[in-house]
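Have a look at the structure below, then the notes.
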Protein chains: 2
Amino acid sequence: MAAVENLSLIRRRKTKRINLGVVSIGGDSPIVVQSMTNTDTRDVESTITQIKKLEKAGCEIIRIAIPDKEAVLAIHAIKKKIGIPLVADIHFNYRLAIDAIKQGVDGIRINPGNISKDKIKKIVKVAKDRQVVIRIGINSGSLQKDLLLKYGSPTPDALVESALKNIELFEDQGFDLIKLSLKSSDVPGMIEAYRSIAVKTDYPLHLGVTEAGSLINAAIKSSLGIGTLLYEGIGDTIRISVTGNPLSEIPLAYGILRALGIRKIGPEIISCPTCGRCEIDLLRLTNKIEKALAGRKDYLKVALMGCVVNGPGEAADSDIGIAGARRQGILFKKGKVIKKIKEKDFEKVLLKEINLMLDERKIV
Amino acid sequence: MAAVENLSLIRRRKTKRINLGVVSIGGDSPIVVQSMTNTDTRDVESTITQIKKLEKAGCEIIRIAIPDKEAVLAIHAIKKKIGIPLVADIHFNYRLAIDAIKQGVDGIRINPGNISKDKIKKIVKVAKDRQVVIRIGINSGSLQKDLLLKYGSPTPDALVESALKNIELFEDQGFDLIKLSLKSSDVPGMIEAYRSIAVKTDYPLHLGVTEAGSLINAAIKSSLGIGTLLYEGIGDTIRISVTGNPLSEIPLAYGILRALGIRKIGPEIISCPTCGRCEIDLLRLTNKIEKALAGRKDYLKVALMGCVVNGPGEAADSDIGIAGARRQGILFKKGKVIKKIKEKDFEKVLLKEINLMLDERKIV
């Protein structure tokens, strides 16, 4: 993927660095974008197809559900065909975790809310022998029963206590290939849990708002929860949960990273909300340009502005931009006025110029 | 609108309270949701129609562009027909601001980037006589030229200096019906500008990320920028900028406020991303329930969960919820298991139960 840019305002929390297959997490590694398949894992072909699409879109780690023995047996075939690290998601059954490790996954995620302490010890032993990463994946919807009883509800403190107790259990066995997540469907609860754990350990953190809902709600909740933490320097890998196709998670993840200046991947389109001053069809233009640039990895700031109030200022501050007026506009490139163009030529001229700019970068 | 609930974690910044027509802003008033029309203001009928739709959706203050004399003349007719406060958005021409005030707007927004100090003084004099609120609307795309020269680019400090200089100008004339905005299309820049001004004055703040793009990008950038600040207690009124129909801004605004626990208006739908464990068509169900509840003002937490991992936990924590299994699910109400239902009956049963719950509330 493209270069990493850390905004100077963000002072990232210092964490241990761990390797999950070919990807490192924590330390000064980039914030890694991950997702999870929603195919039936036992359907190897569909699962591989989905992973390949996710990988192409920019997904850097993939997790698959392992609900039974048949799913475990699919791991080897899936792993062989994909390029990104594979994580097995395990609940309830510790034998599935051990078998998944033996099948060659790069990491596993276990939930201490549904696997007992003794069984977790057995998993850790095998993970240690094979040097496989374990994510301790705490979740407000499935907190361990003793802590739910103690706190009455899955409060941030309860999630943190679960994480700390499990870290101790792991460390007692001399195992530290640990990643942590303390997810909640409640945004403030999630923020407070991560803030609290961030100052208590230096293991890398996987951030997520769990069960965030369908696309728009997931964009809102994930930006609020994950974004607030990232802007404070907390978080090493992120997963956006969207009800629906996991492919839709990737642009959201990069959208958050790009808007915070953490990883500038993909085009940034600045476009105004339009108002009574706008005399061009800006929505149509924005949709066309967005569609034409969808999936591009190159960072480029494009300003599509309806009028002369903020148009020239924003266009001048972008790689390329148009400030509209009555059925025409001024084309800007790198802060300079290039020419006046007619509205009917906006799309054609913009895309031609953008492709030219990106080609020039490659030559340099 | 429904009751206000302030999350205990948020300690709101203390601000002056001002009245914009029938709506108060700042102090301990609720965080007010506002928008702006994108009709041609001179087309009175279309403008009124759009405002009425926005009002119905939950918009609490409306702004209209006043680009010329003809638009000024539309104010009176528009104002007569709408229930929410009306704000005139003025650039370049101070006479339009003065005329808009005389036409009976509840507030005006001026941009010190394009109206000179002497002309602003004249506006303030008339606003003071008529006790009309003025928003000092600083924008990174149209910062005043002397400050752009001084700082080289529209930095947070430059925006803050513009705001402070204008506050001084207003106060020197004995005028304090002031609201401030320091918008930027750059999320970190916007956050830093508002954080800085928040500790330097106690005027209420209008938050917004400007030119935030089309729906998904606007959801991401606005949640990041506005959400981070609101969660710190900064901000008294918000406007989400979406390229396209302003009606789409209102659910985003309430989505942010709801997710942060600031104003719980409208249904909150908790739904899982689905994975290899999910054996029901959760996306279809989520879409159906979302559509059926769209536009409802009542707060209600609905959990739609694909499997038994987090399903029972989330469903039990909601007003109503379903935890799915193989083509069936368990219905929960207020933490209690009610009954097992078949997948084909999910939608019907859920909507019936939801309507029953909301009716009961009205009776109480």
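Pick from A:Ala100, A:Ala292, A:Ala193: which is most flexible by mean-square fluctuation in a GNM of chain A where alpha carbon atoms under 10 Å apart are linked?
It is A:Ala292.
Taking Cα pairs under 8 Å and at least six residues apart, what relative contact order does segment B:1-103 come out at, in percent?
23
What ranking of A:Tyr94, B:Tyr151 comes out by heavy-atom accessible area, probe 1.4 Å, highest first?
Sorted descending by solvent-accessible area, the residues read B:Tyr151, A:Tyr94.
Calculate the FRET efficiency for B:Lys102 and B:Ile363 from the Cβ-Cβ distance with a Förster distance of 45 Å, rounded to the nearest 0.05.
Working from the Cβ atoms, E equals 0.40.
Charges on Cβ only, +1 for Lys and Arg, -1 for Asp and Glu, centred on the Cα centroid of segment B:3-265; of B:Ile250, B:Cys59, B:Gly27, which one is farthest towards the dipole's positive end?
Projecting each Cα onto the dipole axis, the largest value belongs to B:Gly27.
Distance check, please: which entries in A:Lys288/A:Lys340; A:Lys81/A:Lys348; B:Lys122/B:Lys150; A:Lys79/A:Lys179; A:Lys334/B:Lys122 exceed 30 angstrom between their Cα atoms?
Going by Cα-Cα distance, A:Lys81/A:Lys348; A:Lys334/B:Lys122 fall outside the 30 Å limit.
Other chains' Cβ within 10 Å of B:255-261 residues: what's the mean?
Shielding by partners across B:255-261 averages 6.
Using helices alone, what [θ] at 222 nm do you get for chain B, with -39,500 (n - 2.57) per DSSP H run of 4 or more residues, divided over all residues and rounded to the nearest 500?
-13000 deg cm²/dmol
Take peptide B:82-95, look around each residue's Cβ out to 10 angstrom, count Cβ atoms belonging to other protein chains, and average those counts.
The per-residue average across the peptide is 1.
Out of segment A:306-364, which trypsin sites (Lys or Arg not before Pro) are coil in DSSP terms and have no more than 14 other C-beta atoms within 10 Å?
Hits after loop and neighbour filter: A:Arg326, A:Arg327, A:Lys334.
For B:Cys307, enumerate residues with amide H under 5 Å from its amide H, sequence gap 5+ or separate chain, H modeled in the peptide plane.
Residues meeting the criterion, in which the H sits 1.01 Å from N, are B:Gly324.
Before we go on, tell me the buried accessible area for the A/B pair, both chains summed, 1.4 Å probe, in Å² to the nearest 100.
Accessible area lost upon association: around 5700 Å².
When each copy gets a label point 7 Å from Cα toward the beta-carbon at B:Lys14, what are the spacings between them in nm, shortest first?
Ordered by distance, the counterparts are at 3.9 nm.
Which value, in debye to the nearest 20, gives the size of the charge dipole of chain A about its Cα centre, when Lys and Arg are +1 and Asp and Glu are -1 at the Cβ?
For this selection, approximately 740 debye.
Between segment A:64-117 and segment A:163-231, how far is it from one alpha carbon centroid to the other, in angstrom?
Rounded to whole Å, the Cα centres lie 21 Å apart.
What is the helix-to-structure angle for B:69-81, meaning the angle in degrees between its Cα long axis and the longest Cα principal axis of chain B, kept from 0 to 90 and rounded to the nearest 10?
40
How much area per residue is accessible in segment A:3-265 when the probe is 1.4 Å and only protein heavy atoms are counted (Å²)?
I get 35 Å² per residue for this part.
Under 13 Å Cα to Cα from B:Lys352, which aspartates and glutamates show up? Leave out anything in the same chain fewer than 8 places away.
Leaving aside aspartates and glutamates fewer than 8 places away in the same chain, those within reach of B:Lys352 are B:Glu360.
If you take every DSSP beta bridge fully contained in chain B, what fraction is antiparallel? Give it as a percent rounded to 5.
Of those bridges, close to 30 percent are antiparallel.
Would you kindly calculate the translational diffusion coefficient of segment B:267-363, applying Stokes-Einstein with the Kirkwood radius from alpha carbon pairs, for 10 °C and a viscosity of 1.306 mPa s, and quote it in µm² s⁻¹ without decimals?
Rounded to a whole number, D works out at 122 µm²/s.
First compute the accessible area of chain A with a 1.4 Å probe, then give the percent of it belonging to carbon and sulfur atoms.
Solvent-exposed carbon and sulfur of chain A make up 51 percent of the total.
Normalised by the number of residues in chain B, what is the relative contact order in percent for Cα pairs under 8 Å and 6+ residues apart?
Relative CO of chain B lands at 14 percent.
Take every residue in peptide A:110-120, count the Cβ atoms of other chains within 10 Å of its Cβ, and give the average of those counts.
Rounded to a whole number, the mean comes out at 1.
Sort A:263-276, A:17-30 by packing, meaning the average of other beta carbons within 10 Å per residue, with the highest value first.
Those peptides, ordered most packed to least, come out A:263-276, A:17-30.
With unit charges on the beta carbons (Lys and Arg positive, Asp and Glu negative) and the dipole taken about the Cα centre of segment B:267-363, which residue among B:Gly276, B:Ala303, B:Val337 sits farthest to the positive side?
Farthest along the dipole direction, towards plus: B:Val337.
Can you send over the solvent-accessible area of A:His76, 1.4 Å probe, protein chains only, in Å² to the nearest 10?
Spelled out: A:His76, probe radius 1.4 Å, area about 100 Å².
The values are calculated or read from the model by the stated rules, or taken from the named source; none is laboratory data. The structure presented is a predicted model; accordingly, all values stated were derived computationally and were not measured. Here Cβ is always computed from backbone atoms with ideal geometry, including for glycine, and neighbour counts include all displayed protein chains. Accessible surface is based on the protein model in full, side chains and every heavy atom, while ligands, DNA and RNA are left aside. Shrake-Rupley method; radii C 1.70, N 1.55, O 1.52, S 1.80 Å.
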